[in-house]
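Readers should treat all values here as calculations from the given coordinates under stated rules, not as data from a laboratory. None of these values were measured; they are calculated from a predicted model. Reconstructed Cβ throughout: ideal geometry from the backbone, glycine too, with neighbour counts over all protein chains shown.
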Amino acid sequence: MGVIQSYRLRLQRKRWRIRAFRKRRELTLVENRTSQIKRNDLLVFCTQRNERIRLPYFLQYYRDMGVDHFFFVDNDSTDGSLDYLAAQPDVSVWSAKGSYKRARFGVDWLNWLQMRYAHGHWALTVDPDEFFVYPFCDTRPLRALTDWLDASSIKSFSAMLLDMYPKGRLDAQPYREGQDPIEIASWFDSGNYTISRNPQFGNLWVQGGPRARVFFPEAPEKAPALNKVPLVKWDRRYAYVSSTHTLLPRGLNQVYDEWGGEKASGVLLHAKFLDTFSAKATEELDRNEHYAASVEYKAYAARLEDDPQLWCKWSERYINWRQLEILGLMSKGNWA
Amino acid sequence: MSVGIVMLVHNAFGRAEQVARHWAAAGCPVVIHVDKAVPRRKHDAFVAALADVKTIRFSTRYRCEWGSWGIVAASQAAAELMLVSFPKVRHVYLASGSCLPLRPVQELIEYLKERPQTDFIESATTADVPWTVGGLDAERFTLRFPFSWRRQRYLFDRAVDIQRKLKLQRRMPNNLVPHMGSQWWCLTRRTLSAVLQDPDRKTYDKFFRHVWIPDESYFQTLARLYSTKIESRSLTLSKFDFQGKPHIFYDDHLQLLRRSDCFVARKIWPYADRLYEAFLTDPAGAMKRTEPNPGKIDRIFAKAVERRTRGRPGLYMQSRFPNEDWENGVTAAPYSMFQGFAELFEDFEHWLSRTTGARVHGHLFAPDRAHFAEGQTTLNGALSDNPILRDYNSSAFLTNLIWNTRGERQCFQFGPMDNQDINWRVARDPNAQVSVITGAWAVPLFRSNLDFAEIRKTAAKLQRIESAHMDVLRAPRTKARVRIWTMAEFIEAPMEPLQGILDEIGRNRLRRLSEAPRMVNLTGFGQFLQNLKNQGMHPYLMGDFPVVRGVDDEAKPSLKPYLVK
């Protein structure tokens, strides 16, 4: 990479940071408990809108993992989730009145909060329907992973988005509050992912899975990106570029080995496809606040009307992280 | 009081205290060295916490930066204090704050009592053992290292480069032979005091001060001068990853550690409560004796290093995406690609799957869809047969297919009418077994009902494509196992090539082929080719096909036309 390109990326990073700084004005503080945060605490960052029903399990899942503090940006919720979050003892919450789209799908808001509060901490940036799975997560807490990453001088950790879906119609089994959504959406595609390199940012672009298979078979280039780098030892100079797919400085995107070896990586179980999905898709279609003119939701709505079935004969049922590691979706790397 | 413990501590003081108390309670005096980088407040609290134990001392503090002299200075000071304060100590065991005794301390004491003259220190000559990661082994001794590796990496590397370029070399004092080994040793009073009271110690210290990672070479080299009996192994279990950092043990390693034959393990994650609970108990409550099986630990950690450096062949994923030619296996397993066979033989796919037991697909890269075996629309791993999805990244389609079906041999048909994007990928893959009957694509044309003008056009196109493909397969860069026959050559004696291919696919097929696939009726094929020639389109890939051939001898298809004895 030449000096000029390197400098361009630097300017771009500064631009995102300035943008995040400007967008801070859209955030209204609702509950600030950040004074509780101690050195080395593990932080979760999340934007949400009308996800009240998912929040209890989400919080419990990450508390059990050892997360110490949650940062939420609530985007105009109408289902009482804001009040629910404000009442939690380990949550700081802001409400955002502006456009989700014009805050680059929440990235600007979170970049600001991370700049402000995450410096020197391990920060996990996830959506309320994403459940982080990492090697040995059944026997070792998240801190074991971050301590190991620290000791190995690794600053960012990759976790690919793995779309989970139920067998049968999406609306066949209603989701109950507090329930593990993976009990319902327990199936996934194990081996139909395609990867290419992004020369500009140095990250991988992973596509595939049930969304490419069912919603985008005629236009696979439009299928959503699945590569994510959600866990980062944050520094105030860092910035997410688009969702958690890409980071700057670009060295943070180097979460893969190019010489044949495997780096350690995890998976984000994506429990998007529950009975709540159709309603969400319709609503988001009206709001038109999602990526690329909500092309994803348009494709979903078109397909889901006639046959909401993502399951196929070769779908794999989720058991644990070891299964994902054997299937080659994640890796222990040299963590043993 | 025959064993004294020297403990180097720099963090996790709660755990260090626990372990120090454990040693002391078993009758081992302990000398603790606390890194000078530790803030005074923490240090004082730690000292105060252990004030009630008579046999615990604290030695002069040094700054212990990894790779630098400080760790040796700290070990020297602590060992000296140990030898002076506890005259009954016969063996000194060097440990760290994150070490954990795996066996009851009494066992260690008895073990050392039975070997009063033995020094346990891993010590190998640099000349004979490729020791280190990162390229510095003998150079650790011959170069100078004025910069910190951790904080001044750039300067560190430049300093090494310059010294290499200028061929600057230091000489070992008194012709010492450099030895290296694990920094965790257990030395006898005799050897240790000889090293510490050596009249030349000043010279040695001055030399080793500028050696890279001297804690892995100072005692290892000098012990060789005085020890009467060196057992070159460490009593501390310590595993290193590919960058030379120690692996860390967690709660889930409990069963593994129980089976170690070492006395002490390093390094333990400070929050591994179960490990500390299990091993820091009195001997009675301690582990049930299990047969030591250190090999298992070795395997697990060796595998971790292997996974990190070599990875799983044929896997492409979020954290393994090798550059071309660095794949360590383009695909996960051997597979076979057949070109022209399905055209020349009736029902070739079923025959092949019957004879070999492999999974035989049709034309996976056909324009209309991927023809999976048994007409399936998805395959292992939820691989879709959609042609657009497939062609979006056809080499990923192939590598995914082979990865998803590990353990089962895959065969598929290919031809010039299929998507040709994967040709180089396959050609460069040593796992690929490619068998081609050139020109066989003409057979379906010959049997088709198309306009002759149409046939001529298609034939010209297919011939061009196949010819380009053959150039790829014959290129010097090609690593696949390639067999190419012209059609004329092949039908002359089809059994031999078939047998050869099947032998290579292997699988309990030692018997000779008894059943051959049935060849399609080629009556008039020679004339068909001649017609193409007459139209100005010379089909050359089939080889020499006589015009009249096939009129007599292949006129009537029999049930089993080729029976081989």
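Taking Cα centroids, how far is the range B:182-234 from the range B:432-459 in Å?
Measuring centre to centre over Cα atoms gives 78 Å.
Report, to one decimal in Å, the Kirkwood hydrodynamic radius for the range A:19-128 based on all distinct Cα pairs.
13.8 Å
Towards the positive end of the charge dipole of chain B, with charges on Cβ (+1 Lys, Arg; -1 Asp, Glu), say which of B:Ala272, B:Met82, B:Leu254 has the farthest Cα.
B:Met82
Any of A:Lys222/A:Lys280; B:Lys42/B:Lys88; A:Lys332/B:Lys267; A:Lys228/A:Lys298; A:Lys14/A:Lys280; A:Lys155/B:Lys245 with alpha carbons more than 26 Å apart? Name them for me.
Table pairs above 26 Å Cα-Cα are B:Lys42/B:Lys88; A:Lys14/A:Lys280.
Under a cut-off of 19 Å between alpha-carbon atoms, report the lysines in cross-link reach of B:Lys457, not counting same-chain residues fewer than 8 places apart.
Of all the lysines, those that pass the test against B:Lys457 - Cα under 19 Å, at least 8 places apart if same chain - are B:Lys533.
Within the range B:335-534, what percent of beta bridges assigned by DSSP are antiparallel, to the nearest 5?
Values: 4 of 23 bridges.
Given both bridge residues lie in the range B:335-534, the antiparallel proportion sits at roughly 15 percent.
Which of the DSSP-defined H helices in chain B satisfy a minimum axial length of 20 Å, computed from C-alpha atoms, and a minimum mean Kyte-Doolittle hydropathy of 0.0?
B:70-85
To the nearest 20 debye, what is the magnitude of the charge dipole of the range A:129-336 about its Cα centre, counting +1 on the Cβ of each Lys and Arg and -1 on the Cβ of each Asp and Glu? Could you put the intermediate results ahead of the total?
Numbers: 25 positive and 28 negative charges, 126 e Å.
In total the dipole reaches around 600 debye.
I'd like to know how chain B sits against the 2.2 N^0.38 Å rule of thumb: what's its Cα Rg over that expected value?
1.47
Considering just Cα atoms, how many Å³ per residue does the convex hull of the protein assembly as shown enclose?
Each residue corresponds to 226 Å³ of Cα convex hull volume.
In terms of the Cα gyration tensor, with a ≥ b ≥ c the square roots of its eigenvalues, is the range B:426-508 rounded because a/c is under 1.5, prolate because a/b exceeds b/c, or oblate?
oblate
Hey, can you grab everything whose amide H is under 5 Å from the amide H of A:Arg236? Only 5+ residues off in sequence or another chain; H modelled, so Pro and N-termini drop out.
Here A:Gly120 satisfy the definition.
Which residue, chosen from A:Ser153, A:Thr246, A:Leu274, occupies the Cα position most advanced towards the positive end of the dipole of the range A:129-336, where the dipole is computed from +1 (Lys, Arg) and -1 (Asp, Glu) charges on Cβ about the Cα centre?
The Cα lying farthest towards the positive end belongs to A:Ser153.
Under a Cβ-only charge scheme (Lys and Arg +1, Asp and Glu -1), can you give me the dipole magnitude of the range B:1-86 about the Cα centre, in debye to the nearest 20? Intermediate results must be reported in sequence, preceding the final value.
Numbers: 10 positive and 6 negative charges, 40 e Å.
For the range B:1-86, the charge dipole is close to 180 debye.
To the nearest Å, what is the center-to-center distance of the range A:132-152 and the range B:17-87, using C-alpha atoms only?
The range A:132-152 and the range B:17-87 have Cα centres separated by 30 Å.
Could you work out how far the C-alpha centroid of the range A:41-73 sits from that of the range A:182-224, in angstrom?
So the two Cα centres are separated by 25 Å.
With the cut-off at 28 Å, report for chain A the share of all Cα pairs above it, as a whole percent.
Roughly 39 percent, rounded to a whole number.
Counting DSSP beta bridges in the protein assembly as shown, what percent are antiparallel, to the nearest 5?
Bridges in the protein assembly as shown that DSSP calls antiparallel: roughly 40 percent.
Can you give the charge dipole size of the protein assembly as shown about its Cα centre, rounded to the nearest 20 debye, using +1 on the beta carbon of Lys and Arg and -1 on the beta carbon of Asp and Glu? Before the final figure, lay out the partial values.
Working: 128 positive and 102 negative charges, 809 e Å.
That gives the protein assembly as shown a dipole magnitude of about 3880 debye.
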